[in-house]
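If you scroll down you'll find the structure; I have some questions about it.
Read-outs throughout are calculated quantities, based only on the coordinates presented, and are distinct from any laboratory measurement. Every value quoted in this text rests on a predicted model; they were computed, and no experiment measured them.
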Amino acid sequence: MPGQNYASQKFSGVRFVNDLERPVFEKFVLLGYLKTWLRLQPEVDVALLSGSGSTVFAVLRDGAGRTQLAERIRAEVDPNMWTFACETL
């Protein structure tokens, strides 16, 4: 997918990478677009495809508004996008 950044991402000393992104994003362009969109959001530290798909997840900065990000995804990317805003322990 032209312009897609497949480089590893670091957060809290952990390296995030998924070698399956390239073939998945070639077939399911929306998932690649969603990852790119998420990485451009100011509250997102990491965005990545989970496994072989079809879930894209984001790790947000401390104190970031996860509900507001979910609302923006539906407003700017797809009004029918399923989101789950959770908190890790």
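May I ask for the distance between the Cα centers of region 1-53 and region 57-77, given as a whole number of Å?
Computed from Cα coordinates, the inter-centre distance equals 15 Å.
Got a sec to turn the phi values of region 6-19 into Karplus ³J(HN,Hα) couplings, 6.51 cos²θ - 1.76 cosθ + 1.60 with θ = phi - 60°, whole Hz, x for Gly and Pro?
9, 5, 5, 10, 10, 8, 6, x, 10, 9, 10, 7, 9, 5
Further question on the same structure: What whole-number volume per residue, in cubic angstrom, does the convex hull of the C-alpha atoms of the chain give?
Roughly 101 Å³ of hull volume per residue.
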